[in-house]
Amino acid sequence: MKLLLIHCDSIEWEAKKKAIKEPEETEMKPERAEEALVIFTAVEKSDEGSREAVMKQAIKEILEVYNQVKAKNIVLYPYAHLSSNLSSPHFAKDMLLSMESEIKKQKIEVKHAPFGWYKSFKLHAKGHPLAELSKEISAEKADKEKETKRQPVLRKIHLDKEELKENDHRILGQKLDLFSFQEVSPGMAFVHPKGSILINQLLDFWRQEHEKRGYKEISTPLLANKGLWQVSGHWDHYKENMFFTTIEQAEYAIKPMNCPGAILVYKSSQRSYRDLPLRLAELGRVHRNELSGVLSGLFRLRAFTQDDAHIFTTEQQLEKEIEDVVSLVQHVYGAFNFDYHVELSTRPEKRMGSEGLWDKAEKALEEALKKKKLKCRINKGDAAFYGPKIDFHIKDSLGRTWQCATIQVDFQMPEKFGLSYIDADNSQKRPVIIHRVVYGAIERFLGILVEHYNGSFPLWLSPVQIIVIPLTDRNNSYAEAICSRLKGAGIRSELDEQSSTVEYRIRNAQLQKIPYTIVVGDKEEKGKTIAVRTRDGKVKFGVKADDFLEQLKEEIEKRKQ
């Protein structure tokens, strides 16, 4: 059984046309549900032999989400498009009605959309982390979950390659030895040495660009007392997504966001208008208690690093600071040749703060986008309760879009934490906070990059930039000298002196998607030259090592694609 769970403000549907010969009887009129958890459901052939086990597991997971999102009712919506291996209509209809009956026993209001009809529907999904989830239920999966509870496991998560595209980052991550996932830490990535090099290159780039623009890097604790999260509002609005512990009978939470830490750094001393704008950047590790059904490689994790920055600014500086952040995002995304679109989310119905503050915040974002000549989609009412935002959505190699960079204006947190600065006239004023990320989650950005380049990273990013191969054993010393010289110049180089054939070693370098392969034999050693093979198989003989080294340095410095 496949499920798609959407937490909605409202859903409307209407039966239009028969989809099977004998559909369920229904009135041909619009129906509606509000504050509902909508379960789009596809019953599969494999469910037919394990009806009770599958139904029990499905209901368990549905009720778990229902309780977490605090929905008022449940709508079961038959949706065959989720699977290409559907059960018989009779079995599917019976399963759907049985699920409805069992859920009703929990004193929950539940209804279902008519079975066997083509239907029109319109829904308005909520915008929180649990609003859109997908799950796959099977008797085999239920048995595996029981086994996992009985005893700890120490094994790598298996990937079914038949269900993944060849350029899926999970497949490439294994092939290129970048990262792995282990059952002992679900939703958390184990980054291997080559993956760490990639991440460090991204972070070096990030630090260089932020230093140029006057950011100061900070680091704040992973763990903080309950009181901090109560002041920030996370305890009331985000508790179901947090991890907790108790120390000496006091409650603590692992941080799901970096904002409160940066605010405490600002508040650690008296600030003057001369200190503003104060741009505090943090590569902060955060943990969020996501449901297992929504975890997806590097794209949805429980532990990840955000490239946060919090800019403390006066109202007069606000628009210019937003423009500068937009310029930074454009510069960084340009380095990877990303296509992206921009969205502006405005005030929701339930919000904090006065209309005047919301007017100022939205106007500052709108004006900054106009000055940067960026077109944007307007998401009316989709902002967070404390402030409007600009989101940058990257298009990946499969045409999907991912929200990465965000710029959010916040008048509320400064109020909650009692932030202030001394103005030129010696009066106390309240700063404004701009919350922003560029990469977003570093790990997710890495996953997008792996697929974007199909593992063939540009030279500056590649974990191994050069492989050096001697033709024969008597060329080993010359090959070692070439490799050492490259390493001395800061080029990530490796020497391949395996006893296998040269053709095999060249082929292996191409499979590892290494940008350049240097081959040296008697001719090259005698002429003090090298033969250079590119990743796409082009070969150039008689190359002077000095000339090639200068080419590499230029390619890396300019971050050429």
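Quick note: the coordinates plus some simple rules give every number you see, no bench work behind them. Nothing here was measured: the structure is a model prediction, and the numbers come from that model. All Cβ positions, even for glycine, are placed from backbone atoms using ideal geometry, and neighbour counts span all protein chains on display.
Brief remarks follow.
- Relative intensity, log₁₀ I(q)/I(0), of segment 466-557 from a Debye sum that treats every alpha carbon as a point, q = 0.12 Å⁻¹: -0.31
- Each residue of segment 2-147 gets 110 Å³ once the volume of the Cα convex hull is shared out per residue.
- Around residue 301: net Lys/Arg minus Asp/Glu count, Cβ-Cβ under 9 Å: +2
- The residue 60 and residue 208 beta-carbon pair, evaluated with R₀ = 45 Å, returns a calculated FRET efficiency of approximately 0.35.
- Restriction of the trypsin sites (Lys or Arg not before Pro) in segment 270-366 to DSSP coil positions whose beta-carbon has at most 11 other beta-carbons within 10 angstrom yields 350.
- Share, in percent, of DSSP beta bridges within segment 418-561 that are antiparallel, nearest 5: 55
- Helix-only [θ]222 nm of the chain, DSSP H runs n ≥ 4, -39500 (n - 2.57) each, per residue, nearest 500: -10000 deg cm²/dmol
- Segment 271-322, Rg to Rh (Cα coordinates; Rh as Kirkwood inverse mean 1/r): 1.22
- Within segment 17-87, the trypsin sites (Lys or Arg not before Pro) that combine a DSSP coil assignment with at most 13 other C-beta atoms in a 10 angstrom radius are 21, 70, 72.
- The residues 275, 496, when put in order of fewest to most other Cβ atoms within 10 Å, stand as 275, 496.
- At most 12 other Cβ within 10 Å, DSSP loop - trypsin sites (Lys or Arg not before Pro), segment 378-486: 380, 400
- Using a simple spin-label model with pseudo-atoms 7 Å out from Cα toward Cβ, residue 379 and residue 367 lie 2.5 nm apart.
- Taking Cα centre as origin and charging only the Cβ of basic (Lys, Arg, +1) and acidic (Asp, Glu, -1) residues, the dipole magnitude of the chain rounds to 420 debye.
- Residue-normalised convex hull volume from the C-alpha trace of the chain: 209 Å³ per residue.
- Per residue, the Cα convex hull of segment 429-508 amounts to 126 Å³.
- Of all DSSP beta bridges in segment 2-147, antiparallel share, percent nearest 5: 75
- When +1 charges are put on Lys and Arg Cβ atoms and -1 charges on Asp and Glu Cβ atoms, the dipole computed for segment 466-557 relative to its Cα centre reaches about 160 debye.
- Overall dimensions of segment 277-415, expressed as equivalent-ellipsoid semi-axes from the Cα gyration tensor (√(5λ), whole Å, largest first), are 25, 19, 16.
- Dimensions in Å of segment 382-521 - Rg and Dmax from alpha carbons: 25.5, 79
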